[in-house]
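The values are calculated or read from the model by the stated rules, or taken from the named source; none is laboratory data. This one's a predicted model, so the numbers in the text were calculated from it and none came from an experiment. Here the Cβ positions follow ideal geometry from the backbone for every residue, glycine too, while neighbour counts run over all protein chains shown. Just so you know, the surface numbers come from the protein's heavy atoms only, side chains and all, with ligands and any DNA or RNA stripped out. Shrake-Rupley method; radii C 1.70, N 1.55, O 1.52, S 1.80 Å.
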Amino acid sequence: MQQIPLLAHIGAWGQRYTPASKELSIRSELLEEGGERIWKAFMAELRSLHLGAPRRSVFAELQMAFESAVKQQAVAGK
């Protein structure tokens, strides 16, 4: 079971029905607004931090694809 969505909903409820300050409620606001996209990213980050799970780097994947394309172009141009 994933707890992040549950925590996000509890935080959103707290924002609506309790007198919370902006600085104490900003995290729950961002988790609610980010929805499933941010929940999944947060879970992946927590798995990486606490369980040593590999973390996906989109930037690294894009860079590798670019470098591969540059090499292929260099080989084709020779």
For the chain, place one equal point scatterer on every Cα, skip the solvent, and apply the Debye formula. What is log10 of I(q)/I(0) at q = 0.13, 0.18, 0.21 Å⁻¹?
-0.59, -0.81, -0.94
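For the chain, give the percent of accessible area contributed by carbon and sulfur heavy atoms, probe 1.4 Å, rounded to a whole number.
Values: 4160 of 6630 Å².
Whole-percent figure for carbon plus sulfur exposure: 63.
Got the relative contact order for the chain handy, in percent, Cα pairs under 8 Å and 6 or more residues apart?
In percent, rounded to a whole number, it is 23.
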Please state the charge dipole magnitude for the chain, taken about the Cα centre, from unit charges on C-beta atoms (+1 on K and R, -1 on D and E), reported in debye and rounded to the nearest 20.
260 debye
What distance in nm lies between label points placed 7 Å from Cα along the C-beta direction at residue 73 and residue 56?
2.7 nm
Quick check: the angle from helix 58-77's long axis to the longest principal axis of the chain, C-alpha only, nearest 10 degrees?
10 degrees
Taking the dipole of the chain about the Cα centre (Lys, Arg +1; Asp, Glu -1; charges at Cβ), the one of 77, 28, 64 that reaches farthest to the positive side is 77
Compute the acute angle (0 to 90°) between the alpha-carbon long axis of helix 3-17 and the principal axis of greatest extent of the alpha-carbon atoms of the chain; round to the nearest 10°.
40 degrees
With a point put 7 Å past each Cα toward its Cβ, work out how far residue 6 is from residue 44 in nm, to one decimal.
2.4 nm
Which far-off residues, 5 or more places away or on another chain, put their amide H under 5 Å from the one on residue 53, with H placed in the peptide plane?
48
